[in-house]
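S.K.: Below is the structure I would like to discuss, written out as structure tokens.
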Amino acid sequence: MAQYTRVSGSVGLITLQNPPVNALSAAVRQGIVDTVKRALGDPKVKSVVICGQNGIFCGGADIKEFGTNMSGPPLVPMIHAIEAANKPVVAAIEGSALGGGLELALGCHYRIAHSKARLGLPEVSLGLLPAAGGTQRLPRLIGVPAALDLITTGRHVTAAEALQLGVVDRVAEHSTVDAAVKFALSVAAKSLDARRISTYPCPRPSDFDALFEGAMQKVRQSARGAIAPVACVQAVRAAATRPYLQGMEREKELMATLFTSGQARALQYCFFAQRAVSKWNMPNGARWDTSKPRPVHKAAVIGLGTMGRGIAVALAQTGMSVVAVETQEKQLMEAKQAVSGMLERGAKRRGLTPAALHKISYSHDIQAVADVDLVIEAVFEDMALKKKVFQQLSAVCKPGTFLCTNTSALDVDHLASQTRNPELVVGMHFFAPAHVMKLLEVVYGPQSSPQAVATAMQLGKKMGKVSVAVGNCRGFVGNRMLKPYIEQAFFLLEEGATPELVDRALEEFGFPMGVFRMSDLSGLDVGWRVRKGDGLVESGSASGQPTRLREGRRYSPLGDLLCEQGRFGQKTGRGWYQYDKPGSRVARSDPWFHSFLEEYRARHGLVARRIDHQEVLERCLYVLINEGFRILEDGIAAGPEDIDIIYVFGYGWPRHRGGPMFYAGMVGLATVLERLEHYRQAHPDVPYLQPCSLLRRLVASGSPPVHRWREVIKKLHSQL
Ligand code: NAI
């Protein structure tokens, strides 16, 4: 809706009204059309101001309308009518002007923004482009390079940057609407000939071809297969090479392709899934809206290794006091330096002074955590050590302190049982580097109180994380699904693939790194230690003939064999690949490994066969998806959205493919099932390939879309 009033005698004031962000729903568009008509037809009105209620100009299109039969007046002619008006129209931008909101403002003759406002065209992040003239007007207004940057990245700019770029004409410190009305009065009689952006010639830079070639190369590299950034470049190119109306046609054409692509659907799904996961619920009925978090003013981190340092930074950046405990003197000294460096760099990036530096106090002694509200333990992944630390914490901390563990896979319930108040214990599983990576798995056990979960979820949000509440099981959601995925990659090597082939297939799919490059980065020794702990590694296997079966299940000792040779990945300069020196990051093919693999196959009587990208994807991804279905069946994740958000934010799953469970729906559940059955028959000693009963049930019930899986899961649980 849009409200119309006349102010200061001759200014028609149009106020968009659609909380919370005044999105351009059908009713709002109709409101704008009607009120603009009224203002233009009113002889007393000499100029017009458009603003939004509640201090927000407009957050853009109403995403809920996507995929429905759009009713109401379309945006493009509405904006054209504003631009063509014979009375000056001023956009008064408070809060934000995003997407269609900014396009609306670009159709106005003047733009005044509040100093705190943010502007941007984020459509690309939803798999789309600004298709209400944004790709045609913005380059005409601010030039091709700046427009390309804003449109292909979707980044928001501050009012100050918008002024510098020329997106807005003025910045107001106080009431933007008052300033805009005053301004509208002053320009009432001025000619509008030079104010209609669509009539501007698009500046054509001298290095035109090189500029677009460079832009295309850049987006192709960073987009990892996403098509929207490429279409954005094509649309801006049309602005620079065609007359305005033809450019608009091209914009429309490109938008139509994007709109019907699976990628836009996947990205929009992610947008909603990200919001859905904050509305968590537990199998015992506890929920986000009935569980009250407790405020955390002071927190502690135990163990300042790789993870503890990042966690301390993330906590201090929220402004709270942090106690950091580390028993090793050398580690403590190094950690202090590393943490200060991270905080200083973080503050510099945000143009702040590193106030958070003074929020951290360091200690060798666990007694220092006596008065904190919440502790996050990040000592070595060793159950005996963690048990001891939890016993100590339970004795030292004041009553009511929440005790959290950053374990990657150990049993959170078991740790809880070491404390006097197991209801205060939850997992807070961060991802490396913890101050950068967005994902946080909040792991609850059967005894965790709803308040402990709510507090950890809220703290995650405060730290800028996307937090997902999950149940307790080995590896929780993310690492549990990763296990069969890595296992398949090892098997593929045995059968004829190379690390290069497997990685290329996965990287072309959209992962930033294939499984072997990832393994080299995180260290082969990590998995080796876990397999040793599980009794899977046969000692001295390098000298003898390691078996390829464990308790009747196929097992690949390849990773163990590399570790026995001291090949731990990047840190030792050798792993699945070779590196110039230890710590170097550029992976190069390693002839040693290739001949080692050939010998290994010969020793085991394995005949290499040709493996193509399709098989790599089907085996690695479908087995991971199958484990995702098991997780849903077990009630460890509340819904497919939780799994998908974990994979998109924590494991580099390409966002434009929506997450593994959404992807399964796109491929077709029946296809996933059929391929799993096919591979299971070929590899009967690999239990992970056995299709899960939830997948079978979903296929039997007609493969419903992903948003309806919860009903099937509920039915399944009620029958158990
Ligand atoms: P790390 O080996 O880098 O650091 C562990 C630190 O804990 C060391 O500095 C050690 O001196 C200290 N420590 C040991 N006992 C202590 C005690 N009693 N009191 C205080 N400090 C003590 O280990 P990292 O990689 O930081 O892992 C920590 C935890 O985080 C583990 O449970 C791990 O599974 C988990 N994790 C690790 C991830 C990674 O990528 N490295 C990712 C997610 C979780």
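S.K.: I'm checking my understanding of the structure. Among residues of region 377-395 that are assigned to a helix (DSSP H, G or I) and crowded, with 18+ Cβ neighbours inside 10 Å, which one is nearest to the ligand (Cβ to nearest atom)? Even if it seems obvious, please write down each step before you answer.
M.R.: Quick first cut of region 377-395, residues assigned to a helix (DSSP H, G or I) only: 383-395.
Filter once more, keeping what is crowded, with 18+ Cβ neighbours inside 10 Å: 386, 389-390, 393-394.
On the way: K386: 7, V389: 5, F390: 11, L393: 10, S394: 14 Å.
Only one residue fits best here, namely V389.
S.K.: Taking the condition touching a Gly at 6+ places or on another chain (Cβ under 7 Å), under 28 Å from G605 (Cα atoms) and away from the ligand (no atom under 15 Å from the Cβ), does V515 pass?
M.R.: Numbers: touching a Gly at 6+ places or on another chain (Cβ under 7 Å): no; under 28 Å from G605 (Cα atoms): yes; away from the ligand (no atom under 15 Å from the Cβ): yes.
Spelling it out, it is not the case that V515 is touching a Gly at 6+ places or on another chain (Cβ under 7 Å), under 28 Å from G605 (Cα atoms) and away from the ligand (no atom under 15 Å from the Cβ).
S.K.: Now for a separate question. Does Q392 qualify as being in contact with a helix residue (DSSP H, G or I) (Cβ under 6 Å, 6 or more places away or on another chain) and polar (S, T, N, Q)? Lay out the reasoning, then the answer.
M.R.: Values: in contact with a helix residue (DSSP H, G or I) (Cβ under 6 Å, 6 or more places away or on another chain): yes; polar (S, T, N, Q): yes.
Yes: the conditions hold for Q392.
S.K.: Given the conditions (1) outside any loop (DSSP other than H, G, I, E, B); (2) over 26 Å from the mean Cα position of the chain (by Cα), report the number of the one that V372 does not fulfil.
M.R.: (1)
S.K.: Kindly indicate whether L304 is at pLDDT 95 or above, buried (at least 23 other Cβ atoms within 10 Å of the Cβ) and within 16 Å of the ligand (Cβ to nearest atom).
M.R.: Details: at pLDDT 95 or above: yes; buried (at least 23 other Cβ atoms within 10 Å of the Cβ): yes; within 16 Å of the ligand (Cβ to nearest atom): yes.
The answer is yes for L304.
S.K.: I'd like the full set of residues that are within 15 Å of A416 (Cα to Cα) and at pLDDT below 95, limited to region 366-381.
M.R.: Matches in region 366-381: none.
S.K.: Follow-up question, since we're still on this one. Could you list all residues from region 396-408 that are more than 27 Å from the chain's Cα centre (by Cα), within 15 Å of the ligand (Cβ to nearest atom) and surrounded by fewer than 24 Cβ atoms within 10 Å (Cβ to Cβ)?
M.R.: Answer for region 396-408, where residues must be more than 27 Å from the chain's Cα centre (by Cα), within 15 Å of the ligand (Cβ to nearest atom) and surrounded by fewer than 24 Cβ atoms within 10 Å (Cβ to Cβ): just V396.
S.K.: I would also like to ask the following. Yes or no: E441 acidic (D, E) and farther than 25 Å from G527 by Cα?
M.R.: Working: acidic (D, E): yes; farther than 25 Å from G527 by Cα: no.
For E441, the condition - acidic (D, E) and farther than 25 Å from G527 by Cα - is not met.
S.K.: For residues that are outside any helix (DSSP H, G or I) and either under 22 Å from L192 (Cβ atoms) or of a type in the set (A, V, I, L, M, F, W, C) (or both), tally how many sit in region 1-39.
M.R.: Of the residues in that region, 16 qualify.
S.K.: May I pose another question? Quick check: is even one residue across region 199-210 among the aliphatic types (A, V, I, L, M) and within 19 Å of S125 (Cβ to Cβ)? Explain how you work it out, then say what you get.
M.R.: Step one: of region 199-210, the residues among the aliphatic types (A, V, I, L, M) are 210.
If we keep only those that are within 19 Å of S125 (Cβ to Cβ) too, we end up with none.
Among the residues of region 199-210, not one is among the aliphatic types (A, V, I, L, M) and within 19 Å of S125 (Cβ to Cβ), which makes the answer no.
Residue-by-condition table, conditions (1) more than 20 Å from the chain's Cα centre (by Cα); (2) within 16 Å of the ligand (Cβ to nearest atom); (3) farther than 20 Å from V443 by Cβ; (4) charged (D, E, K, R):
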{"site": "L258", "(1), (2), (3), (4)": "yes, no, yes, no"}
{"site": "A264", "(1), (2), (3), (4)": "no, no, yes, no"}
{"site": "Y269", "(1), (2), (3), (4)": "no, no, yes, no"}
{"site": "A286", "(1), (2), (3), (4)": "yes, no, no, no"}
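S.K.: Is one or more of the residues making up region 694-716 outside the structural domain of S125 (by the TED database) and in contact with a strand residue (DSSP E or B) (Cβ under 7 Å, 6 or more places away or on another chain)?
M.R.: no
S.K.: I'm trying to understand the selection: among the residues of region 159-181, which are touching a residue at least 12 places away in the same chain (Cβ under 8 Å) and surrounded by fewer than 16 Cβ atoms within 10 Å (Cβ to Cβ)?
M.R.: Hits for region 159-181 are A160, G166, R170, E173.
S.K.: Just checking, does region 587-595 include any residue being farther than 30 Å from R567 by Cα and of a type in the set (G, A, S)?
M.R.: Within region 587-595, not a single residue is farther than 30 Å from R567 by Cα and of a type in the set (G, A, S).
S.K.: Suppose we keep only residues that are farther than 20 Å from F272 by Cα and β-branched (V, I, T) within region 118-152. Which one would you say is nearest to the chain's Cα centre (by Cα)?
M.R.: T152
S.K.: Same structure, new question: Give region 321-350 a look and list any residue that's in a helix (DSSP H, G or I) and away from the ligand (no atom under 13 Å from the Cβ), or say none.
M.R.: Answer for region 321-350, where residues must be in a helix (DSSP H, G or I) and away from the ligand (no atom under 13 Å from the Cβ): Q337, S340, G341, M342, L343, E344, R345, G346, A347, K348, R349.
S.K.: Determine whether region 460-468 contains at least one residue that is part of a helix (DSSP H, G or I) and either of a type in the set (S, T, N, Q) or crowded, with 22+ Cβ neighbours inside 10 Å (or both). I'd like the intermediate steps shown before the answer.
M.R.: Our first condition is that a residue be part of a helix (DSSP H, G or I); within region 460-468, this holds for 460-462.
Within this subset, residues satisfying the condition of being either of a type in the set (S, T, N, Q) or crowded, with 22+ Cβ neighbours inside 10 Å (or both) are 460.
Yes, some residue in region 460-468 is part of a helix (DSSP H, G or I) and either of a type in the set (S, T, N, Q) or crowded, with 22+ Cβ neighbours inside 10 Å (or both).
S.K.: Here is a follow-up. Taking region 52-91 only, how many residues are in contact (Cβ under 8 Å) with a residue 60 or more places away in the chain and among the acidic types (D, E)?
M.R.: 1
S.K.: Taking only region 365-379 into account, find how many residues are more than 12 Å from V425 (Cα to Cα) and in contact with a Lys or Arg (Cβ under 7 Å, 6 or more places away or on another chain).
M.R.: So the answer is 5.
S.K.: Here's another thing I want to ask about it. Can you say whether T318 is outside any strand (DSSP E or B), within 16 Å of the ligand (Cβ to nearest atom) and hydroxyl-bearing (S, T, Y), as far as the supplied structure shows?
M.R.: Working: outside any strand (DSSP E or B): yes; within 16 Å of the ligand (Cβ to nearest atom): no; hydroxyl-bearing (S, T, Y): yes.
For T318, the condition - outside any strand (DSSP E or B), within 16 Å of the ligand (Cβ to nearest atom) and hydroxyl-bearing (S, T, Y) - is not met.
S.K.: Shifting gears a bit: On the basis of being among the small types (G, A, S), in a helix (DSSP H, G or I), more than 16 Å from the ligand (Cβ to nearest atom) and not assigned by the TED database to the domain that holds P122, does A312 make the cut? Step through it out loud before you land on a result.
M.R.: Working: among the small types (G, A, S): yes; in a helix (DSSP H, G or I): yes; more than 16 Å from the ligand (Cβ to nearest atom): no; not assigned by the TED database to the domain that holds P122: yes.
Here the answer is no, as A312 does not meet what is asked.
S.K.: Out of R630, R585, R619, report the one residue that is on the phi < 0 side of the Ramachandran plot and either free of Cβ contacts under 8 Å to residues at least 24 places away in the same chain or outside any helix (DSSP H, G or I) (or both). Walk me through it before giving the result.
M.R.: Working: R630 fails: either free of Cβ contacts under 8 Å to residues at least 24 places away in the same chain or outside any helix (DSSP H, G or I) (or both); R619 fails: either free of Cβ contacts under 8 Å to residues at least 24 places away in the same chain or outside any helix (DSSP H, G or I) (or both).
From the options R630, R585, R619, the qualifying one is R585.
S.K.: Also, I was wondering about something else. Got a sec? Which of G134, G143 is under 13 Å from L102 (Cα atoms), of a type outside the set (A, V, I, L, M) and assigned by the TED database to the domain that holds K252?
M.R.: Values: G143 fails: under 13 Å from L102 (Cα atoms).
None of the other options fit; the residue is G134.
S.K.: Follow-up. Which helices (runs of 4 or more DSSP H) sit wholly inside region 40-156 and have at least 3 residues that are surrounded by fewer than 24 Cβ atoms within 10 Å (Cβ to Cβ)? Walk me through how you get there before you give the answer.
M.R.: Values: elements: 75-84, 100-107, 134-142, 144-153.
Passing ranges, in order: 75-84, 134-142, 144-153.
S.K.: Tell me, which residue of region 412-423 that is within 14 Å of the ligand (Cβ to nearest atom) and touching a helix residue (DSSP H, G or I) at 6+ places or on another chain (Cβ under 8 Å) is nearest to G308 (Cα to Cα)? Walk me through it before giving the result.
M.R.: Taking region 412-423 as the starting set, the residues that turn out to be within 14 Å of the ligand (Cβ to nearest atom) are 412, 414-415, 418.
Then keep just the ones that are touching a helix residue (DSSP H, G or I) at 6+ places or on another chain (Cβ under 8 Å); that gives 414-415, 418.
Working: H414: 21, L415: 18, Q418: 22 Å.
Among those residues, the one meeting the criterion is L415.
S.K.: Somewhere in region 644-658, is a residue surrounded by 24 or more Cβ atoms within 10 Å (Cβ to Cβ) and assigned to a loop (DSSP other than H, G, I, E, B)?
M.R.: Yes - at least one qualifying residue is present in region 644-658.
S.K.: Within region 29-51, track down each residue that is among the small types (G, A, S), touching a residue at least 24 places away in the same chain (Cβ under 8 Å) and farther than 21 Å from M70 by Cβ.
M.R.: Within region 29-51, the first condition is being among the small types (G, A, S), and the residues that meet it are 31, 39, 41, 47.
Next, from what is left, pick out any that are touching a residue at least 24 places away in the same chain (Cβ under 8 Å): 31, 39, 47.
Matches in region 29-51: A39, S47.
S.K.: Next up: Exactly one of these conditions fails for T455: (1) within 15 Å of the ligand (Cβ to nearest atom); (2) not in a loop (DSSP other than H, G, I, E, B). Give me its number.
M.R.: (1)
S.K.: Is it fair to say R675 is under 27 Å from Y444 (Cα atoms), modelled with pLDDT of 95 or more and not polar (S, T, N, Q)? Spell out the reasoning first.
M.R.: Working: under 27 Å from Y444 (Cα atoms): no; modelled with pLDDT of 95 or more: yes; not polar (S, T, N, Q): yes.
Taking the combined requirement at face value, the residue does not satisfy it.
S.K.: Just name the residue that is surrounded by the most Cβ atoms within 10 Å (Cβ to Cβ) out of those in region 417-432 that are of a type outside the set (A, V, I, L, M) and part of a helix (DSSP H, G or I). Even if it seems obvious, please write down each step before you answer.
M.R.: Filtering region 417-432 for residues of a type outside the set (A, V, I, L, M) gives 417-423, 427, 429-431.
Pick out the ones that are also part of a helix (DSSP H, G or I) and you get 422-423.
Values: P422: 21, E423: 15.
Among them, the one singled out is P422.
S.K.: Restricting attention to region 674-699, which residues are outside any loop (DSSP other than H, G, I, E, B) and under 28 Å from the mean Cα position of the chain (by Cα)? Don't jump to the end; show me each part of the working.
M.R.: Filtering region 674-699 down to residues outside any loop (DSSP other than H, G, I, E, B) leaves 674-682, 687-689, 693-699.
Listed by number, the residues that qualify are Y688, L694, L695, L698.
The values are calculated or read from the model by the stated rules, or taken from the named source; none is laboratory data. The model shown is predicted, which means the values in this text are computed figures rather than measured ones. Cβ: placed from backbone, ideal geometry, glycine included. Neighbour counts: every protein chain shown.
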